[in-house]
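Trainee: Sharing a structure below in structure tokens format, with a few things to ask.
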Amino acid sequence: MARLLLSPFSHFITLSLFIFYALTPAAAGENSGFVRRIDRRLLGLKREKLSHFRLYWHDILSGPNPTAVRVVQPPSNTSTTFFGFIAMIDDPLTIGPALSSKLVGRAQGLYTSASQQGVGLLMVMNFAFLEGKYNGSTITVLGRNMVFSKLREMSVIGGTGLFRFARGYVEVRTHKFNLTTGDAVVEYNIYVMHY
């Protein structure tokens, strides 16, 4: 059996070719025409920061100008949790619990009763800011809201404008709830990582 002798240079060439072919598929997949790596600075993204917003969400079902409208009623009257209803919202966001306090944005989206065991809502909302440097920017919130729990959490899953690439969470506490009308004032503490 013949013994193959390789010089150090041959080892170097063999190892280099092996590494090149091993890494080529990964690199080709990353720059294959529809995806490529870019430097975040090209998008104007600087240092990531954590911001805290405290807002009051006014969900008004009653009166001549409701901000929440049921678009789907529950399929049966027997559900104590209103399972299956869907409401579209355009709720004011203010800096204080009074509706007359300064308006800084609107919560636009929907919520639906998604639990048969308790009053649990699936919330899908954009917090659209109307004030100051955040005017025109949005924070997107998605999550489960067990309405009668003292403290609830939902996820910040994105945003636009100054909140591009946003992530974080919100803590939700009911400030006031009218059982007769369904109107509610809810405190939202938003903790959001953004650039």
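Trainee: Considering (1) charged (D, E, K, R); (2) open to solvent by 40 Å² or more (accessible area, probe 1.4 Å); (3) without any contact (Cβ under 8 Å) to a residue 24 or more places away in the chain; (4) over 18 Å from MET193 (Cα atoms), say which one GLU153 fails and leave the rest.
Mentor: Every listed condition holds for GLU153 apart from (4).
Trainee: State whether the residues of segment 129-149 include one that is under 15 Å from GLU187 (Cα atoms) and free of Cβ contacts under 8 Å to residues at least 24 places away in the same chain.
Mentor: Checked segment 129-149: at least one residue is under 15 Å from GLU187 (Cα atoms) and free of Cβ contacts under 8 Å to residues at least 24 places away in the same chain.
Trainee: Additional query: Can you tell me which residue within segment 73-94, out of those that are touching a residue at least 24 places away in the same chain (Cβ under 8 Å) and not in a loop (DSSP other than H, G, I, E, B), is most open to solvent (accessible area, probe 1.4 Å)? Spell out the reasoning first.
Mentor: So the first thing to find is which residues in segment 73-94 are touching a residue at least 24 places away in the same chain (Cβ under 8 Å), and the list is 74, 79, 81-87, 89, 91-94.
Filter once more, so that each one left must be not in a loop (DSSP other than H, G, I, E, B): 86-87, 89, 91-94.
Values: ILE86: 53, ALA87: 0, ILE89: 13, ASP91: 0, PRO92: 13, LEU93: 1, THR94: 1 Å².
Ranking the candidates gives ILE86 first.
Trainee: Then there is this: Here's a check for you: in segment 137-195, which residue that is closer than 30 Å to ARG41 by Cα and of a type in the set (Phe, Trp, Tyr) is farthest from the chain's Cα centre (by Cα)?
Mentor: For segment 137-195, the residue satisfying everything is TYR195.
Trainee: Mind telling me which of the residues GLY132, GLY84 ends up being under 23 Å from ARG152 (Cα atoms) and out of contact with any Phe, Trp or Tyr (no Cβ under 6 Å at 6 or more places or on another chain)?
Mentor: Being under 23 Å from ARG152 (Cα atoms) and out of contact with any Phe, Trp or Tyr (no Cβ under 6 Å at 6 or more places or on another chain) holds for just one of GLY132, GLY84, which is GLY84.
Trainee: Of all residues in segment 131-143, how many are surrounded by 14 or more Cβ atoms within 10 Å (Cβ to Cβ) and touching a Gly at 6+ places or on another chain (Cβ under 6 Å)?
Mentor: Residues in segment 131-143 being surrounded by 14 or more Cβ atoms within 10 Å (Cβ to Cβ) and touching a Gly at 6+ places or on another chain (Cβ under 6 Å): 4 in total.
Trainee: On to the next question. Scan segment 158-195 residue by residue and report those that are open to solvent by less than 60 Å² (accessible area, probe 1.4 Å) and without any contact (Cβ under 8 Å) to a residue 12 or more places away in the chain.
Mentor: The answer is none; no residue qualifies.
Trainee: Across segment 95-122, what is the total count of residues that are over 30 Å from PRO74 (Cβ atoms), of a type in the set (S, T, N, Q) and open to solvent by less than 70 Å² (accessible area, probe 1.4 Å)?
Mentor: So the answer is 1.
The values are calculated or read from the model by the stated rules, or taken from the named source; none is laboratory data. Fair warning: this is a prediction, and the values are worked out from it, not measured in the lab. Note that each Cβ is placed from the backbone with ideal geometry, even for glycine, and that neighbours are counted across all protein chains shown. Note: areas computed on protein heavy atoms with side chains; ligands, DNA, RNA excluded. Shrake-Rupley method; radii C 1.70, N 1.55, O 1.52, S 1.80 Å.
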